[in-house]
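This report refers to the structure that appears directly beneath it.
Quick note: the coordinates plus some simple rules give every number you see, no bench work behind them. Bear in mind the structure is a predicted one, so any value in this text is a computation, not a measurement. Using ideal geometry, Cβ is built from the backbone for each residue, glycine included, and neighbour counts are taken over all protein chains shown.
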Amino acid sequence: MDGYMVYVLAALILVSAVILSKFLFGWVLIREDQVGHVVKKISATQLPQGRIVALNGEAGYQAMTLAPGLHLWLWPWMYRVDKKPVVTIEPGKIGLVLAKDGNPLPADRILAQKVDCNNFQDADAFLRNGGQKGKQTGVLTAGMYRINLVLFDIFKSDVTTVPPDKVGIITCLDGAPMPRGQMAAPVVEGHKNFQEPDLFIANNGCRGLQEQIILAGQYNLNPWFLELELAELYEVPIGHVGVVVSFVGSDEKDISGETFTHGNIVPRGGKGVWSDPLYPGKHPLNLKCMRVELVPTTNIVLNWANARSEAHKLDEKLSTITVRSRDGFTFNLDVSQIINIGATKAPWVISRVGSVKNLVNQVLEPLVGNYFRNSAQTYTVLDFLSARSDRQREAREHISRAISEYDVQSVDSLIGDITPPEALMDTLTARKLAEEQKKTYEAERLAQETRKTLEAEKALAEKQRELVNEEQNILIAQRKAQATVRQAEGDSSAISTRAAGESEAIRKKGTAEAEIIAIKGENEARAIQAVGLAKAEAARKGVEAMGEYYGLLQIFASLADKGIRLTPDVLVAGGGNGQASSASEALVALLASRLVKKN
């Protein structure tokens with residue numbers, strides 16, 4: 001029990017010593033995570049009217065704050081110290097500061113200008129350097145701050161992030177008035193992408209929509225100073241260029257030339273139509289104060305046809321062209337016009353007509369339509385039907401010259417379907433059928449003539465072949481004859497020589513044989529003479545014996561010797577009894593009857 005009392009007594013003594021020392025020395029201990037706000041209870045002077053923080057020892061909250069540590073002479077009977085946690089701004093956040101004391105704001109300002117006060121940690125310096133009450137332009141970045149929370153209120157806001165595929169369009173809420181006639185404030189330099197509002201205002205930056213934009217990244221932007229709108233990057237597709245028409249910018253000199261009277265063509269960044277188009281890709285643009293006209297750089301096909309329109313829809317208001325011919329017929333034409341706009345000429349085209357759709361509707365539609373209406377009056381319907389390529393060529397030349405004045409190139413002009421009147425088509429059909437029949441007959445006639453000519457030529461060729469053969473045969477015969485002659489001449493010479501020898505031999509032989517024959521002839525003559533005389537004598541005696549029948553008998557005997565038959569083997573005679581007799585019997589009977597009559 002005695003020990004316990006000793007501890008209690010020691011504690012009481014220690015507490016009493018602390019309390020006594022606090023009254024004697026007025027000490028205050030501030031931790032590392034605290035800031036001390038001092039309130040003076042007793043003072044001979046009072047705060048000025050409208051002030052809430054004392055600068056010169058007046059009673060009330062003091063501008064000076066206590067840093068971590070031990071502070072003396074702050075006697076409790078004269079001062080009160082309120083311990084507040086330090087202000088912490090986390091990463092990804094910013095601190096917005098509202099001053100509750102200071103000089104009044106000018107009438108034309110909504111934000112207090114920045115003063116040197118160690119990021120609002122020196123309240124005394126803030127007030128003495130002319131700090132103004134109200135919303136401050138300066139912000140607190142990530143970190144810890146010992147700020148007099150009696151003088152300042154701190155609000156946290158997110159750091160501004162612009163994604164890679166976006167741009168930030170800025171509208172400033174403070175600054176100089178917007179120049180008359182401008183829709184967006186001109187660009188000023190030196191404010192670190194609107195992160196230093198005081199520098200922006202000091203450089204005569206204007207409130208309102210800003211021409212300048214911010215690109216992808218993170219920014220410590222004061223939302224009390226500006227409003228941010230995220231917008232997509234402007235994409236120019238392949239096969240197009242983008243012509244920028246800027247409503248703001250510097251007053252650059254027009255570079256279109258004196259002969260061009262359809263607007264201003266200015267360098268990039270100027271006010272007007274930019275001379276340099278945007279090529280395919282994504283571009284950071286402020287479309288609040290400019291517009292982009294897409295211009296196709298590939299060939300554009302435009303159809304004047306009721307039933308056909310291209311995917312680009314530029315020709316959706318174009319229709320079939322109705323014309324009247326020289327012979328008074330009304331008919332329809334479908335026309336296709338192919339044009340091309342060069343990338344470097346696109347700004348000039350847009351400056352003239354405003355857009356590609358305007359080019360089609362306000363320039364090409366009346367130009368092409370009126371050309372065909374006018375030209376049709378100089379031709380008949382048949383001229384269009386039978387010589388369409390000529391009409392097409394004329395159209396191409398005329399339209400090409402006409403649209404070149406608009407910096408547009410004509411690639412081709414094509415005439416599609418031609419719809420003539422039905423009555424004329426019936427007449428044309430009948431005429432065409434007659435012409436085709438005539439052609440058929442003519443073709444048949446030509447075929448016959450061709451065949452006739454072919455046959456004649458074939459015959460002639462045959463004769464020519466025979467003639468050639470004959471000529472060849474004659475030539476061969478001539479050559480054979482010549483060879484024969486030459487051979488005969490050789491043979492003749494040889495024969496003559498041989499004949500001469502043989503003739504002499506024959507002559508000698510003939511002489512000898514003749515002599516022999518003569519002797520033989522004489523002998524045979526004598527023999528024949530003797531035979532003849534004997535026969536003659538026998539005949540004479542036969543005649544004397546038989547008379548005239550001796551000669552007939554000699555004839556039959558001679559025939560029999562030669563085997564010649566005077567009668568057939570069977571002789572049929574008509575006797576009384578129907579029997580036949582042989583020829584010999586008949587002859588014997590004849591001879592017998594003649595002998596009887598003679599005797």
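Tabulated data
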{"read-out": "Mean separation of Cα contacts under 8 Å, 6 or more apart, over the residue count of the range 25-158: relative contact order %", "value": "29 percent"}
{"read-out": "Relative contact order (percent, whole number), the range 296-420, Cα cutoff 8 Å, 6+ residue spacing", "value": "34 percent"}
{"read-out": "Placed amide H near residue 235: partners under 5 Å, 5+ positions off or other chain", "value": "283"}
{"read-out": "Sequence-distant residues sharing a close amide H with residue 34 (under 5 Å, placed H)", "value": "86"}
{"read-out": "Sequence-separation-based contact order of the range 376-443, relative, with Cα cut under 8 Å and 6+ spacing, percent", "value": "26 percent"}
{"read-out": "For the range 132-150 versus the range 329-358, the gap between their alpha-carbon centres in whole angstrom", "value": "61 Å"}
{"read-out": "Under Karplus coefficients 6.51, -1.76 and 1.60, residue-wise ³J(HN,Hα) of the range 450-456 in Hz, glycine/proline x", "value": "5, 5, 4, 4, 5, 4, 4"}
{"read-out": "Listed pairs 93/192; 93/114; 84/114; 288/345; 93/282; 439/463 exceeding 27 Å between Cα atoms", "value": "93/282; 439/463"}
{"read-out": "Anisotropy class of the range 18-96 from Cα gyration tensor, a/c 1.5 cut", "value": "oblate"}
{"read-out": "For residue 297, residues with placed amide H under 5 Å, excluding near neighbours", "value": "240, 241"}
{"read-out": "Sorted by Cβ neighbour density within 10 Å, fewest at the top, the residues 37, 312, 191", "value": "312, 191, 37"}
{"read-out": "Shape of the range 25-158, Cα gyration tensor, a/c cut at 1.5", "value": "oblate"}
{"read-out": "Calculated from backbone phi, Karplus (6.51, -1.76, 1.60) coupling profile of the range 150-161 in Hz, x at Gly/Pro", "value": "6, 7, 10, 9, 10, 10, 9, 9, 6, 5, 7, 10"}
{"read-out": "For the range 242-321 and the range 151-198, distance of Cα centres in Å", "value": "30 Å"}
{"read-out": "For the range 286-297, Karplus couplings with θ = phi - 60° (6.51, -1.76, 1.60), whole Hz, Gly/Pro x", "value": "9, 6, 6, 10, 7, 10, 10, 9, 6, 10, x, 9"}
